[in-house]
Structure formats: C-alpha cells, structure tokens
1. Using 0.36 nm per residue of separation minus the Cα-Cα distance, give me the extension gain between Asn144 and Glu242 in nm, one decimal.
2. Stretch Asn94-Asp395 to full length: gain in nm at 0.36 nm per residue minus the Cα-Cα span?
3. Take every DSSP beta bridge whose two residues both sit in the chain, then give the antiparallel share in percent to the nearest 5.
4. What dipole magnitude, in Debye to the nearest 20, does the stretch 172-251 give about its Cα centre under +1 on Lys/Arg Cβ and -1 on Asp/Glu Cβ?
5. Report, in degrees rounded to the nearest 10, the 0 to 90 angle that the Cα long axis of helix 178-189 makes with the longest principal axis of the chain.
6. Can you list the residues of the stretch 339-376 with backbone N under 18 Å from a point 7 Å past the Cα of Arg75, pointing along Cα to Cβ?
7. For labels at His403 and Val124 in the simple 7 Å Cα→Cβ model, what's the distance in nm?
8. Using a 7 Å offset from the Cα along the Cα-to-Cβ direction at both Lys227 and Lys215, what is the distance between the two label points in nm, to one decimal?
Amino acid sequence: MVMGSLPEEFDVAIMGGGAAGYSAAIRASSLGLSVAVIEKDLIGGNCVNFACIPARAIRESVYSFFLAKSNKSIRGELELDWEEVIKRRDEVTNRIRGNIESAFKTLGIEVIKGEGVLSQGKIVAGGEEIRYKDAIIATGSVTNIPPTFGKSEKLLDYRGFYSLKKIPGSAIIVGGGQSGVEIATILGKAGVQTTIVSPDFLPGVDPDLSALAKKSLTDMGVKIVPKRANGFDGDKLIVEQEKIEGEKIIVTTGQKPNLPQGINELPVDELLRVSEHLYAIGDVVGNPMVASKAMKQGVIAAEIIAGQKVAFDQKAIPVSIFTEPEIVIVGSTVGDKVVFRTNTLGWSLATQSNAIVKLFHKDGVIKGVETAGRGASELAGEASLLIEMGAQLEDLSETLHSHPTLNEALMEASMLAQNRSVYSIRKK
Ligand SMILES: Cc1cc2nc3c(=O)[nH]c(=O)nc-3n(C[C@H](O)[C@H](O)[C@H](O)COP(=O)(O)OP(=O)(O)OC[C@H]3O[C@@H](n4cnc5c(N)ncnc54)[C@H](O)[C@@H]3O)c2cc1C
C-alpha cells in the first residue's frame, strides 16, 4: 500500500484479521462491498498462527507417535523427530495464512498493517486515516498472565509454546484449563517430563469426562500438582512455600477479550451491533472463545452489513477439548439425562478405547450432548445439528450410523433414552 493512496471511504473497515475478521472480509467482499482489514500482526490471527492450527498440526504428529508406541502390534524403537514436527507445523500454518492472503488479493481486500485505533468515526492505523460506512471490531483476545510472573525467556504463554523451535526437556504448565491441559497432553504423549500446577482441572467440564483426561495424563507420566502457583522468581516457579523447576514454564491462566482502549465490554445484539454502523465479532465479544463462533459471526456480520436478513442466533456452540480422550460439550444440560458407555460397542473393542456419551433431552427434544472419546471432536457437528434442528430422540435413533464407528454411540444413547438399547441392557 502506498501511503495516502486509500479510497476516500470503504464500505467496511475491519479491525483485526483473525478468524472473525478474515471471514467477515472475504464474505463482505464476495457480496460486492469494498473492504479494508487493519491488522497489527499476522493475517489469520491467533487461530491460524498461534493456537488451533499449530496445535492441531503438532498434535497430529505427536498423536501418531503415541498411538504407534502404545500399539503392541508395532515393534522396535520409535523416535519422535521434533524438527520434522516443527517443520510440518510451519508448513501447515504458512499455507493456511497464504491461502487467506491470496483470497484477499483476488478479492481486492485492502490490508493496512498497524495497530488500529477507533477515533471519531474513523480508524487510525499505520499513519493512515481509514474512513468507512460500517466498522467491525474483531480484535480477538489476549492472554491473562498475572503480573506476579514478570518476564523471562523461560516463561511462555500458549503462543510461545506453539511457536517453539525445539521441544523442552521438561515443562511446568501453570493452569489446568483447556489450553494448559491440551499442551500437557501433547507433551505427555511426546514423552516430555511435564507437570501441571493448578488448583482445578478442566473447570466447568463434567467430572466423569474430565476424570478420563486426568487419568490418561497420569498414565502418560504427567504430574498434576493441585496447588496455586503464586509467581516466578526468574528461575523457578513459586508454588505456595515451595519452588519448582522446569526448562520451560508455560502459563495458561486464561484469555480475556482484547477490547479497544477505554472500553470495558462490548455487548452486541443478535445483529452483532455495538451501535449504529459499529459491529463486534469473535473473541472480543466474550465466551465461548472458539474459532467456529468467530468465523460464523464474521460471515453473519458481513451479510447484515450487505443488507441481508440474517442474525446470529445459535442454540449450540460446540466446544471441543483436544485432550486424550477428546471431550466435546454442546448445548445445555437441562432436562433428562442418559449416560451411554461404549464398552460393548464394536468400535470400542476394535480400537481398544472407550467413550462416554451423555445425552440431555426435554420431553424427547435433544438439548445437549457431552462426550469424551477418541476422535470425539468429530461428533460435535452432528450434536450441534441435532440441537439446532430441535431433533427428537427418534430422529437420532431412526438415523442409521455406520458400523463400527464412534458416532453410533450418539444413536445408541438415544436408543437407551427410549429403553430400546441393544448394547446397554437391564435384567428383566
Ligand atoms: C491455545 C489455544 C488453542 C485454541 N484452539 C482452538 C481450537 O482448536 N478450535 C477452536 O475453535 N478454537 C480454538 N481456540 C480459540 C480460537 O483461537 C479463537 O476463538 C479465535 O482465534 C478467535 O478469532 P478472532 O478473530 O476473534 O481473534 P484472533 O484470532 O485473536 O484475531 C484477532 C486479530 O486482531 C489483531 N488485532 C488486535 N488488536 C488490533 C488492533 N488494535 N489493530 C489491528 N489489529 C489488531 C490481532 O493481531 C489478531 O490477528 C484456541 C485458543 C487458544 C488460546
């Protein structure tokens, strides 16, 4: 971009080029609107560059290693080539970011590099004043590291961890929430000496499901210290009266919305509006902070700005936790509950892994699904569809599911709810 070469006014100016911002930009531009994206770091934001995608890419390599190592039919010494893992992570993230950037070029979306500041109906960034008809705030979220930890090369947040060039010999993870437990699962599977320090473990997750993730971590040799870390002395982690040591200390104490200066919260209506001509989408509007929500809100905001009659009105936003086994939470826990355990299913026996499905329904209408099992994240979409469509137990039970698969477990849970189960029988 040549300084001062911007059009007088864009139809849409989007602050932040992450999952929410790039989805809004591509959709708005496809609908014929002129679009500017203001991004201070990398297009793709957290998800593509520092969170979901690198996490998934690393996990995929480490998971294959772990499965092979725990499969008794595979013999010989197996070694994880960490350099290859990192190389693959970088190839994957660069490729995805490159795809978004080339879509921007094809569509003529203007990218303005710099930190945007909203100021009297304009956005100021990179020495430019960007004028717009409608603006979207998509500035994401930031890590909430307590100030008592200070700064040190040893100390990383999740971005630092997922950008590492070399695996540490040992690591302490501060925080037992989703990010911390996912990192511990990766390190545990890779055979790295790992400790989680946290007074709680997967808070907010059903205890039957989180217990499976906890047990698998313990089986991998991950130590779980149920205490609060108070700070860092520049070398060691301070945990109550003790000091503990690790090559890297990874602090995962939560995310908070990255709100524009001077704003404490950004409540939006179902049209994702903060005020007239100002919209907010993605992590910046609060929980749940997941990319699926961010991307959908991006598309919906663009369509609303283009004049379409749509709204963001989801009944179910799936949350998938990439632990071992994976955990999925969709919808609500209102009404009656059935618990289906897969241990008698062909899938369980063939894959030597068990899953639990908890299905919630009110007068036969499916309201929620919570499950843990190997590959369970692939059930999240079906669970959301059932809830969004207001499906009845019969809709699920009368739909054939391939055999032997994990998704049969969802169908079997609905059979159990109707006392028709073949796999979970009671004595007459
Ligand atoms: C460790 C971890 C793993 C995760 N894994 C998953 C997962 O597997 N699946 C899933 O669905 N979700 C996952 N998430 C959540 C997901 O990353 C977020 O929900 C998603 O990135 C939100 O997108 P966003 O566009 O709202 O924000 P972001 O991706 O944070 O993008 C915001 C962008 O705005 C830019 N920006 C901020 N302020 C300004 C400014 N003033 N001017 C210009 N640019 C600015 C930032 O540089 C950034 O690029 C994970 C999160 C974490 C922390």
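1. 32.9 nm
2. 104.2 nm
3. 60 percent
4. Once rounded to the nearest 20, the dipole reads 100 debye.
5. Here the helix axis deviates by roughly 60 degrees.
6. Answer for this model: none.
7. So the two model labels end up 6.9 nm from each other.
8. Each label point is offset 7 Å from its Cα along the Cβ direction, giving 2.8 nm.
Read-outs: derived from the displayed coordinates by stated rules, not from any lab. Note that this is a predicted model, so its numbers are computed, not measured. All Cβ positions, glycine included, derive from the backbone under ideal geometry; neighbour counts span all protein chains shown.
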